[in-house]
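Below is one structure, written out as structure tokens; the observations come after it.
The values are calculated or read from the model by the stated rules, or taken from the named source; none is laboratory data. Remember, it's a predicted structure, so these values are computed and weren't measured experimentally. Note: ideal-geometry Cβ built from the backbone for every residue, glycine included; neighbour counts use all protein chains shown.
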Amino acid sequence: MRKFKYLFSTKMNKRLLKKRINLLDDDARHRYKANSLLYKVFGLLYWTMMVIFLAIMIILEQRIEALIGKTFFIILVIFVSFILPGLILIYPFVKLEKRYPRQLLGEIPRDTITQCNSHLTRFYNIPENFLITKCYDSSNQLLIDKDLILFFYKDRLRIVNDFTTTIKDFGCYEFKMDEIELIYGQRDNLVITELKYKKLTLSLGKRAKPFILNRGLSKEVMS
């Protein structure tokens, strides 16, 4: 088995965010940008105040430490440098956030998801003949209750997130056929496919087993 991931996910996520913002109406787009700017400005103010207060405490270290001792001086440094800037900024931040509330981006249209994931589809070499199946359980917590795509590339099984419905990319698992164990299992009233590779386990839909055993070549098992 090997696991690899698209290297430029950050750039892709930025492009997707821009597209999602453009889908908003004018008022919602204004609220989103105003709220984002609010967080950036107050974040910058917090770090600036923290650095200034910390510098002041360092300059006054010998004088203050001589009066209150080293232990209390350390406590004072933590309070003044990290807590005090937050206490100073929290009131104006709360007042301004009520005026410029957080704007949710809403659901992403599937055509937008498909467009933004075209790079991932090419990178992972996803063919037209693939199987989408639910992952009911897994030793990898990121995969639980997610839809996965199963396909074959150069006679090796590859498993990735369902890029027709999600923008998340956990990477690609690739297996040789002689590396994995496939058995049918039971989950509540459902028959499921258990895929095992050493410590990695995946509980997939029933159709996953015949699809994998036929190396994705038989369309009958997908009907």
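Just to be sure before I move on: is Thr112 part of a helix (DSSP H, G or I), outside the structural domain of Thr166 (by TED's automatic domain parsing) and closer than 29 Å to Phe211 by Cβ in the structure I sent?
yes
Return a yes/no flag: does region 93-108 have any residue that is hydrophobic (A, V, I, L, M, F, W, C), modelled with pLDDT of 90 or more, closer than 21 Å to Ile52 by Cα and in contact with an Asp or Glu (Cβ under 7 Å, 6 or more places away or on another chain).
Scanning region 93-108 turns up no residue that is hydrophobic (A, V, I, L, M, F, W, C), modelled with pLDDT of 90 or more, closer than 21 Å to Ile52 by Cα and in contact with an Asp or Glu (Cβ under 7 Å, 6 or more places away or on another chain).
I want to confirm something. Restricting to region 135-164 and keeping residues that are hydroxyl-bearing (Ser, Thr, Tyr) and either exposed (fewer than 15 other Cβ atoms within 10 Å of the Cβ) or over 18 Å from Leu120 (Cα atoms) (or both), which single residue is farthest from the chain's Cα centre (by Cα)?
That would be Tyr153.
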